[in-house]
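The values are calculated or read from the model by the stated rules, or taken from the named source; none is laboratory data. Not measured: the values here are computed from a predicted model. Here the Cβ is made from the backbone with ideal geometry for all residues, glycine too, and neighbour counts use every protein chain on show. For accessibility, only protein heavy atoms count, side chains too; no ligands or nucleic acids. Shrake-Rupley method; radii C 1.70, N 1.55, O 1.52, S 1.80 Å.
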Amino acid sequence: MALKVGREGTITERDKEVFLALFFCRYMSTPQLTRLFFPSASKARSRLAQLLKKGYVTNRTMYVVEPTSWDERVSAQGVWHLTKSGFDSVTETLELDEAYVPKPLLPRQARHYVRAAEIYAAVKHRLDDELGPYPAWEWRHEKRVLYTGEYENVPYQHKPDAHVLLCDQVFIIERQTAESKVGPAKIYEKVEDHKRFVELRLRKPAEILFVFDHGDSPMIDAARRAGEQHGIEVVGRDVTGIADYLYNAALRLSP
């Protein structure tokens, strides 16, 4: 779609904030963008539709939580991401040299980005109020923090769902949904790989935050024990609990 020019292409400061959020998270749902930037769902849908026509964003409809039975089926949601024009407008503003990836992710992959963005949507305004907006703190989605390396001739991968950078500390986000069906062995493997990345590449204070659907998940204890075994701080909570944890970390670490 061609980018609108002149008055038809005019964007507002709020539009720019929407573009930034989509750049940081890659994929976000209409409810998430409504929560962050709009007074109502109807106003969000209206403005996002205008930005779609202007050529800055594109969308598709999907189940953000994959239904496993008819009883669990809920309404599909609009999921948004930037077009090349929207992406380039952000990288130019932030003076970043990053290439746009035109091929959209498959629904399952895009869905996981949206589920990770639940934490961003829950904590953004609180961190902005305490620390200030970007670059005072930053959310980096999975693709921007992916690293593949080798240690003692054995390959390993650092592939979390996001990094949160605040006050010169990194919080490694692992969004564990019910659909992922991750057991204790995989939790230990993730913690081991992240600890190796922190020691060999990151070389700055870091914690691992596992975000579960429910605050009573039995995997929370497994995550904590994995952290104790590998000598790195690991916290497991639900979305609200991790948002609270990040905000309290900002209070604790900010000068």
Item to check | Test: residue in region 111-123 that is open to solvent by 20 Å² or more (accessible area, probe 1.4 Å) and without any contact (Cβ under 8 Å) to a residue 24 or more places away in the chain | outcome: no
Checklist entry - If we scan region 77-96, do we find a residue that is open to solvent by less than 50 Å² (accessible area, probe 1.4 Å), assigned by the TED database to the domain that holds Q169 and of a type in the set (F, W, Y)? => result no
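Run down D193, D168 and say which single residue is of a type in the set (D, E), within 23 Å of Q109 (Cα to Cα) and over 18 Å from the mean Cα position of the chain (by Cα).
Result: D193 is the single residue among D193, D168 that is of a type in the set (D, E), within 23 Å of Q109 (Cα to Cα) and over 18 Å from the mean Cα position of the chain (by Cα).
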Checklist entry - Looking only at region 202-255, which residues are within 17 Å of V170 (Cα to Cα) and charged (D, E, K, R)? => result R203, K204, E207, E233, D244, R252
Checklist entry - Taking the stated definitions as given, is R126 touching a strand residue (DSSP E or B) at 6+ places or on another chain (Cβ under 7 Å) and in the same structural domain as V234 (by the TED database)? => result no
Checklist entry - Do you know which residues across region 146-162 are over 17 Å from L22 (Cβ atoms) and not charged (D, E, K, R)? => result L146, Y147, T148, G149, Y151, N153, V154, P155, Y156, Q157, H158, P160
Checklist outcome for this item: Within region 11-51, the residues that are without any contact (Cβ under 8 Å) to a residue 12 or more places away in the chain and in a helix (DSSP H, G or I) are E13, T34, A41, S42, K43, S46, A49, Q50
